[in-house]
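Have a look at the structure below, then the notes.
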Amino acid sequence: MRKSATPLLIAALLAGVAGPAGAKKDKDAPAATQGSSVEPENPYPSTYKAYPGTATAIRGATIFDGEGGRIDNGVIFLSDGKITAIGGADTPIPADIAVFDGTGKYVTPGVIDIHSHLGNYPSPGVDAHSDGNEATAPVTAHVWAEHSIWPQDAGFSRALANGGVTSLQILPGSANLFGGRSVTLKNVPARTMQGMKFPGAPHGLKMACGENPKRVYGSKGREPSTRMGNMAVNRATWIKARDFQKKRAAGKDQSRDLGMETLADVLEGKILVHNHCYRADEMANVIDMGKEFGYRVTAFHHAVEAYKIADLLRDNGVCSALWGDWYGFKMEAYDGIKENVPLVHRAGACTIVHSDDDNGIQRLNQEAAKALGAGRRMGIDIPDEIAWTWLAINPARAMGISDQTGSLKVGKMADVVLWNGNPFSTYTRPNKVWIDGALLYDSANPKLRPVSDFEVGQIGAGDVK
Amino acid sequence: MSDQNHPLPPFALSLSKGLAERSRSHFAPLSGRLRLPSARTVLAGLLFAISTPAFAQSLAITGATLAIGDGSEPIRNGTVVITAGKVTAAGAGIAIPPGTKTIDAAGKWVTPGLVSGFSRVGLVEVPAVNETNDASARSPFSAAIDVAPAINPLANPVAISRTAGITRAVVVPSTGTGIFAGQGAVVDLGADMNPITKPRAFQYVEMGEEGAKDAGGSRPAAILTFKTMLREAQEFAKAPASYDGRSKDALLNRIDAEALVPVVTGAMPLMVHVESGRDILAVLALRQDFPALKLILAGAAEGWMVAPQIAAAKVPVIAGGLDDLPSSFEKLAATQSNVGRMVKAGVAVSMGLMDRDEGLQLRLATQQAGNMVALNKVPGATGLSWGQALRTISSASAEAMGLGDRIGSLKAGRAGDVVLWDGDPLEMTSAPLAVWIDGIAQPLDNRQTKLRDRYATPEEGALPKAYAW
């Protein structure tokens, strides 16, 4: 009765670091080089356009702004897809707009999940849908997760309606050392992946430490079969990538190589590294490997032992993307503790709560609550509004989208959740969710609940899930 | 709580609890097992002198928000009294016998110890490490497999679950050879070496997509296999000596045939994992051939679609609770309202872990239950009241196992399994302050709390971390 092994992934780079250069390339710009090596800037561009919204204000709610700020009895005003005003009860709003009474309710930026496999391990989880791991070679930097995304995964709508998730990163699986490129999506139903793709978001590179790569390939009688094999294959690959990148930077003609293009972009800071890595000792090795080859890990994902090296992670500016309470399901998860998130947070390192799970993504607020409570019991008294950064600005930074979303600042995308109570309570659910100012979920309106193509016409379609 | 910093290893605690249990003869028949090797009595006596807190004593917890666990709503300023390892009274305005140790629980919550309705606790240490995973086997045997002797009360997930307020659990084997997995047990999660509350509490069978796979690839094959095996068990029951079990036509060997006899007669419940509405009806229909079957449904993600039929059949359901994705074709109509709708239709529903980490994450019970309450505020959804939600992870789980008169609630006469919480137990920010099992205060430290304390500051001190323990 257990689902397929938890797909565990990798990677990410960094919070607190500026968005990667080149994140917003002009897709019409000429390529840097000519001839056989022409590398298109943006071959699968986003076609996402914000849906129409109406100017809307919420009055009287408690607001967590996603960057650690809190406003009691606050006002937020959304128009033209953006946050146009936020403040206390006296914040002026136009007279002729829809106003929701937020009394007793809470407003937050939309939840951002930095680690999801919706779309590439979709429901139903049949073999035909197993599109997350190109588990045929340990180095598959050339694959792009976006080419596996099935937009009809019902999981997207559950994450929206039950979890208030407005943006998410879909990563390749963790079977491989270099799993391939990730993609960041707006959580808006679409016919195509391009219709969900977050405009201007940088790609990520998924990497994986530890048990999965060595098990998958060791069992096939090939390298890597050990952790030292993992590192050796990683290093050999980075050596090739640096050669490729140097030639590319020098404008020398060379054949296109999809994997090397990805890795060269990492070395030039254009692609963010999201590294699945559980154990403290392995994370330390990876940090050193980044220094050896001149790149930085943005975030360690599933870092169940991050608490053991929180100082190291802080000093190296690496984020930790963590579960609230997962532990022990495999050897490298054996030392997981509930206090991981608050301990890493207290050390001053960037902390993110992630799901890696189509059920967990519906309750990331509750996962954060577990961490919050565990921290408070050991004397780490983190206020609610600070804890919300784990689900908002911190993942936004690590995904390179913090200039556009991840907090309720004037001018940012109006990705907003109105909760029917304190979102750290188990009894709380999203009341309404706006994405770019468009009301895309309303618990009071059965028609504002997306039903995927897979579900339409099936039993239970349109039911409250 | 008093054992939180106890210098003795769990084994020492176990011996002292064992002694205490010997004085409580009413519990011995529950497991039917000898609970303490006599050779250890002297040592245990010595340990007793050191570890007195482990002994059951009369105890009253007063002033709490008190939930009985029977579906009733919590009451303010409640009292529970435990004497000789059992609940003797719980409610408001309870008289406390003179001389009873009293704990003031004002501002806190008290519930019965939680009962996980579906788990593999004690069968698994690290699921992905095969040597530590005793949930299933490729074995010549299936139905005769009995998990009880293999339960490891020192498995770390036992202590971790206990620390979270889980005091009892239904332990379910999973299939390795064929559709029958064997006989599950009900266990306690006490810090002692005697975990079994009820051995051979039920037989387990797969009948949905998983059952089809286990039977060779189809549902018709699973149903035919099931019926044939039960008929063979009937043959065995009629003439044990002449049942061969080795002929080419026999599906069951003698041992497995014997194990299925109590299933056919209804003496042993049969837990059937099935998810879709149509599969549920097919399982209920098995009673046409085997009228005595005492069915329990596990899973039932689409149970709401056939809830009236389940209720009419008086079959209890152990549900996963939060399933709401069409994660397989047998769960197309899954919804979080499943539990609420079934309860509304009169089905006895409890909750357990169905999809992952059944050996580890029993503590998710409170999250499952809390989310049932949350649904009440979602238009169109069907949730549970707080008291009903708690019931699904306490008395309903016990009743599904036929143990409602022994565990799972704070009604008088039930085992002294009590949890004192620092807040609303269904909130994720809350945690137990104290846990009693059979009236015995339990240690609330575990491997995770030790790691937490060791790394409260990550930097090395005067000596490496390895010296901090």
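Can you list the aspartates and glutamates whose alpha carbon is less than 18 Å from that of B:Lys101, not counting same-chain residues fewer than 8 positions off?
B:Lys101 reaches B:Asp3, B:Asp417, B:Asp438.
For the protein assembly as shown, just list the percent of Cα-Cα distances falling in each 20 Å bin from zero outward, please.
Final binned percentages: 14, 45, 34, 7, 0.
For A:Ala461 and A:Ala444, calculate 0.36 nm times their separation in residues minus their Cα-Cα distance, and state this gained length in nm to one decimal.
Details: separation 17, 0.36 × 17 = 6.12 nm, distance 1.71 nm.
Separation in residues times 0.36 nm, less the Cα-Cα distance, equals 4.4 nm.
When only Cα pairs under 8 Å and 6 or more residues apart are kept, what is the percent relative contact order across the range B:114-405? If you can, show how the numbers build up before the last one.
Details: 669 pairs, mean separation 52.1, N = 292.
It rounds to 18 percent for the range B:114-405.
Summarise the partner chain shielding of A:370-382 as one whole number: the mean count of Cβ atoms from other chains within 10 Å of each residue's Cβ.
3
Diagonalise the Cα gyration tensor of the range B:114-405 and give the resulting equivalent ellipsoid semi-axes, square root of 5 times each eigenvalue, largest first, whole Å.
Details: eigenvalues 173, 107, 53 Å².
The three semi-axes for the range B:114-405 are 29, 23, 16 Å.
When each pair of different Cα atoms in the range B:400-469 is counted once in the 1/r mean, what is the Kirkwood radius in angstroms, to one decimal?
Values: mean 1/r = 0.0657 Å⁻¹.
The answer is 15.2 Å.
What does the structure give for B:346-356 when I average, per residue, the other chain Cβ atoms found within 10 Å of the residue Cβ? List each step's numbers first, then the result.
Details: counts 0, 0, 0, 0, 0, 0, 0, 2, 3, 4, 9.
Partner-chain Cβ atoms within 10 Å, mean over residues of B:346-356: 2.
Rank these for me by crowding, A:Glu268, B:Glu73, going from fewest to most other beta carbons within 10 Å. Walk me through the numbers on the way to the answer.
Working: A:Glu268 16, B:Glu73 11.
So the residues, fewest neighbours to most, are B:Glu73, A:Glu268.
Might you report the magnitude of the Cβ-based charge dipole of the protein assembly as shown about its Cα centre, with Lys and Arg at +1 and Asp and Glu at -1, to the nearest 20 debye? Before the final figure, lay out each step's value.
Working: 93 positive and 92 negative charges, 206 e Å.
With only Lys, Arg, Asp and Glu charged at Cβ, the dipole is about 980 debye.
Amide H of B:Phe202: which non-local residues (sequence gap of 5 or more, or other chain) have their own amide H closer than 5 Å, using H built in the peptide plane?
Placed amide hydrogens put B:Gly184 under 5 Å from B:Phe202.
Are any of the pairs A:Lys197/A:Lys412; A:Lys186/A:Lys432; A:Lys197/A:Lys240 more than 28 Å apart by Cα-Cα distance, and if so, which?
Values: A:Lys197/A:Lys412 17 Å; A:Lys186/A:Lys432 16 Å; A:Lys197/A:Lys240 30 Å.
Cα-Cα > 28 Å for A:Lys197/A:Lys240; rest within.
Using a 10 Å cut-off around each Cβ, can you sort A:Trp144, A:Trp326 from fewest to most neighbouring Cβ atoms? Spell out each step's value before the answer.
Working: A:Trp144 19, A:Trp326 22.
Least crowded to most crowded, the residues run A:Trp144, A:Trp326.
What is the spin-label model distance, in nm, from A:Arg191 to B:Lys314 if the labels are put 7 Å beyond Cα along the C-beta direction?
Those two pseudo-labels are separated by 5.7 nm.
Sequence neighbours fewer than 8 away in the same chain don't count; with that in mind, list the lysines whose C-alpha is under 19 Å from B:Lys331.
Within reach: A:Lys3, A:Lys465, B:Lys213.
If you take every residue apart from B:Gly383 with its C-beta less than 11 Å away from the C-beta of B:Gly383, what net charge results, scoring Lys and Arg +1 and Asp and Glu -1?
Numbers: positive: A:Arg429, B:Arg341, B:Lys344, B:Lys377; negative: none.
Neighbour charge sum, excluding B:Gly383 itself: +4.
All other residues with a Cβ under 14 Å from the Cβ of A:Leu440 taken together, and with Lys, Arg as +1 and Asp, Glu as -1, what is their net charge? Walk me through the numbers on the way to the answer.
Working: positive: A:Lys49, A:Arg158, A:Lys186, A:Lys432, A:Lys447, A:Arg449; negative: A:Asp415, A:Asp436, A:Asp442.
Net of charged neighbours comes to +3.
Go through B:135-146, A:151-162 and give me the packing order, highest mean Cβ count within 10 Å leading.
The most tightly packed comes first, giving A:151-162, B:135-146.
Figure the gain on full extension for B:Asn77 and B:Asp249 (residue separation times 0.36 nm, minus the Cα-Cα span) and round it to one decimal in nm.
Values: separation 172, 0.36 × 172 = 61.92 nm, distance 6.51 nm.
Difference between extended and current length: 55.4 nm.
Calculated from DSSP H runs of 4 or more alone, at -39500 (n - 2.57) each and per residue, what is the 222 nm mean residue ellipticity of the protein assembly as shown, nearest 500? Write down the numbers at each step before the final one.
Values: 24 runs with 225 residues, N = 934.
So the calculated ellipticity at 222 nm is -7000 deg cm²/dmol.
When Lys and Arg each count +1 and Asp and Glu each count -1, what net charge do the other residues less than 11 Å away from A:Glu67, Cβ to Cβ, add up to?
Working: positive: A:Arg70, A:Arg397, A:Lys409, A:Lys412; negative: A:Asp65, A:Glu385.
Net local charge, A:Glu67 excluded: +2.
Report the one residue of B:Leu362, B:Gly165, B:Ser385 whose Cα lies farthest in the direction of the positive end of the charge dipole of the range B:114-405 (charges on C-beta: Lys and Arg +1, Asp and Glu -1; origin at the Cα centre).
In the range B:114-405, that residue is B:Ser385.
With a Förster radius of 45 Å, plug the Cβ-Cβ distance of B:Asn376 and A:Asp311 into 1/(1 + (r/R0)^6) and report the FRET value to the nearest 0.05.
Details: r = 45 Å, r/R0 = 0.99.
Using R0 = 45 Å, I get an efficiency of 0.50.
Give, as ranges by residue number, the residues of the range B:75-89 whose backbone N falls under 13 Å from the point 7 Å along Cα→Cβ of B:Ser385.
B:75
Step through the residues of the range B:414-425 one at a time and calculate ³J(HN,Hα) from phi using the Karplus curve (6.51 cos²θ - 1.76 cosθ + 1.60, θ = phi - 60°), rounding each to whole Hz and writing x for Gly and Pro.
7, 4, x, 9, 9, 10, 9, 10, 7, x, 4, x
Please tell me the relative contact order of chain A in percent, rounded to the nearest whole number, where contacts are Cα pairs under 8 Å and at least six residues apart.
Working: 1228 pairs, mean separation 106.7, N = 465.
With pairs under 8 Å counted, the relative contact order is 23 percent.
Give me the one-decimal nm value for the distance between modelled label points at B:Ala241 and A:Thr47, 7 Å along each residue's Cα-to-Cβ direction.
8.0 nm
Give, as ranges by residue number, the residues of the range B:340-382 whose backbone N falls under 15 Å from the point 7 Å along Cα→Cβ of B:Arg287.
So the set is B:346-348.
When averaged across all projection directions, what area in nm² does the alpha-carbon convex hull of the range B:173-313 cover? Before the final figure, lay out each step's value.
Details: hull surface 39.2 nm².
Taking a quarter of the hull surface, the average projection is 9.8 nm².
Sorting check: for B:456-467, A:442-453, which peptide has the highest mean count of neighbouring beta carbons within 10 Å, and how do the rest follow?
Packing order, densest peptide first, comes out as A:442-453, B:456-467.
Around B:Thr102, which amide H atoms from residues at least 5 apart in sequence, or from another chain, sit under 5 Å from its own amide H, with H modelled in the peptide plane?
B:Ala60
Along the Cα→Cβ direction, 7 angstrom out, place labels at A:Lys291 and B:Ala462. What is the inter-label distance in nm?
3.0 nm
Can you list residues from other chains, or at least 5 along the same chain, whose modelled amide H is less than 5 Å from the amide H of B:Ile318?
The answer is B:Leu297, B:Ala298, B:Gly299, B:Ser350.
In this model, which of B:Lys198/B:Lys227; A:Lys246/A:Lys291; A:Lys214/A:Lys338 are farther than 19 Å apart at the alpha-carbon? If you can, show how the numbers build up before the last one.
On the way: B:Lys198/B:Lys227 27 Å; A:Lys246/A:Lys291 17 Å; A:Lys214/A:Lys338 27 Å.
Beyond 19 Å: B:Lys198/B:Lys227; A:Lys214/A:Lys338.
Report, to the nearest 10°, how far helix B:254-265 tilts away from the longest principal axis of the Cα atoms in chain B, using its own Cα long axis and a range of 0 to 90°.
Once rounded, one gets 80 degrees.
Can you tell me the length gained on complete extension of the stretch B:Ala106 to B:Leu154, counting 0.36 nm per residue apart and subtracting the Cα distance?
On the way: separation 48, 0.36 × 48 = 17.28 nm, distance 3.32 nm.
Difference between extended and current length: 14.0 nm.
Would you mind working out the magnitude of the charge dipole of the range B:114-405 relative to its Cα centre, with +1 at each Lys and Arg C-beta and -1 at each Asp and Glu C-beta, to the nearest 20 Debye?
Around 600 debye, computed over the range B:114-405.
Suppose we keep just the DSSP beta bridges with both residues in the protein assembly as shown; what percent of those would be antiparallel, to 5? Intermediate values should be presented prior to the final figure.
Working: 68 of 122 bridges.
Approximately 55 percent, going by the DSSP bridge assignments.
Count, for each residue of B:368-380, the Cβ atoms from other chains sitting within 10 Å of its Cβ, then give me the mean as a whole number. Before the final figure, lay out the partial values.
Details: counts 1, 1, 5, 7, 2, 3, 10, 3, 1, 7, 10, 7, 7.
Taking all residues of B:368-380 together, the mean is 5.
Every number here is computed from the coordinates shown, using simple stated rules; none is lab data. All figures in this text were calculated on a predicted structure; none of them were measured in a lab. Using ideal geometry, Cβ is built from the backbone for each residue, glycine included, and neighbour counts are taken over all protein chains shown.
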